[in-house]
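S.K.: Please read through the structure below; I'll follow up with questions.
The values are calculated or read from the model by the stated rules, or taken from the named source; none is laboratory data. These figures come from a predicted structure and were not determined experimentally. Ideal geometry is used to build each Cβ from the backbone, glycine not excepted, and the neighbour counts take in all protein chains shown. When the accessible area is computed, the model is the full protein with side chains, heavy atoms only, and any ligands, DNA or RNA have been set aside. Shrake-Rupley method; radii C 1.70, N 1.55, O 1.52, S 1.80 Å.
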Amino acid sequence: VAATTGKLMQWVYMSLGQTDRQLRWTFVTTPVNVLAVLLGARSGAYGVAVAVAVANVALAVPSLWYGLRFSPVTIGDCLAIFLRPVTAAVVGAVAVWAADPHLPHLRPDLLSLALRMVLFGLVYATAWIALPGGVGALRNIVGGISELRSGRSRESASAAGVPAQSTT
């Protein structure tokens, strides 16, 4: 999720026409990421992965703050959006960590990974729905998918005189 803030900020900079500010911010993030790779390289690929993840987490809130300073969107708005997936991911990760000693270690290792991915996905989805507002959010997603499959949007339906469905 921390790395997602960087992608979000790319859209914010472009939509506000502030790519010059984006360039200035890369002068901060690039040395941090290069340093993370160099420090992590001492421990191999795993060390690089951990170091880059730590750098992404360390840069997430400053990236949001810098990128959203001149935007109508606030850091609180973004954090509220990230709260559900972050919480569900933490719950899923803790569940897999707690269950791991009790799960079979299959060969090839890819099967063990697949089993843990399924467990994570089930716990993640359950937590995501169980959090406040989760059922309503799920309904919105299902409604959006239905609209995409039918080729109609709420706007085109209302223009045709079809009453829009409630999303609450």
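S.K.: How do 17-26, 118-127 rank on mean C-beta neighbours within 10 Å, highest first? Walk me through the numbers before you get to the answer.
M.R.: On the way: 17-26: 13.0, 118-127: 15.7.
The most tightly packed comes first, giving 118-127, 17-26.
S.K.: Then there is this: Express the relative contact order of the chain as a whole percentage, based on alpha carbon pairs under 8 Å and six or more residues apart in sequence.
M.R.: Numbers: 103 pairs, mean separation 29.0, N = 168.
Rounded, it is 17 percent for the chain.
S.K.: Using a 1.4 Å probe on the protein chains only, how many percent of the accessible area of the chain belongs to carbon and sulfur?
M.R.: On the way: 8100 of 11330 Å².
Of all accessible area on the chain, carbon and sulfur atoms account for 72 percent.
S.K.: Place +1 on the Cβ of every Lys and Arg and -1 on the Cβ of every Asp and Glu in the chain, take the dipole about the Cα centre, and give the residue among G121, W25, A137 whose Cα lies farthest towards its positive end.
M.R.: W25
S.K.: Turning to a different aspect of this structure: Kirkwood Rh over alpha-carbon pairs of segment 53-118, then Stokes-Einstein at 4 °C and 1.567 mPa s: what D in µm² s⁻¹, rounded to an integer? Could you put the intermediate results ahead of the total?
M.R.: Working: Rh = 14.7 Å.
It diffuses with D of about 88 µm²/s by this estimate.
S.K.: Compute the separation of the alpha-carbon centres of segment 73-101 and segment 1-36 and state it in Å as a whole number.
M.R.: Between the Cα centre of segment 73-101 and that of segment 1-36, the gap is 22 Å.
S.K.: Here is a follow-up. Treating the Cα atoms of segment 8-101 as identical point scatterers in vacuum, please give the log10 of the normalised Debye intensity I(q)/I(0) at q = 0.13, 0.18, 0.25 Å⁻¹, two decimals.
M.R.: Log10 of I(q)/I(0), two decimals: -0.61, -0.96, -1.17.
S.K.: Related question: Might you work out the accessible area of I75 for me, using a 1.4 Å probe with all protein chains in place, and round it to the nearest 10 Å²?
M.R.: The value for I75 is about 50 Å².
S.K.: With the alpha-carbon atoms as the only input, what is the per residue convex hull volume for segment 1-49 in Å³? Each step should come with its number before you reach the end.
M.R.: On the way: hull volume 3.0 nm³, N = 49.
Value for segment 1-49: 62 Å³ per residue.
S.K.: Compute, for the chain, the length of the dipole vector about the Cα centre, with Cβ point charges of +1 (Lys, Arg) and -1 (Asp, Glu) only. Units Debye, rounded to 20.
M.R.: Working: 12 positive and 6 negative charges, 21 e Å.
Dipole size: approximately 100 debye.
S.K.: Go ahead and set up a Gaussian network model of the chain, Cα springs under 10 Å, then flag whichever of S112, S146, S63 fluctuates most.
M.R.: S146
S.K.: How big is the Rg/Rh ratio for the chain, C-alpha atoms only, Rh by Kirkwood, two decimals? Walk me through the intermediate numbers first.
M.R.: On the way: Rg = 20.7 Å, Rh = 19.5 Å.
Using only Cα positions, Rg/Rh for the chain is 1.06.
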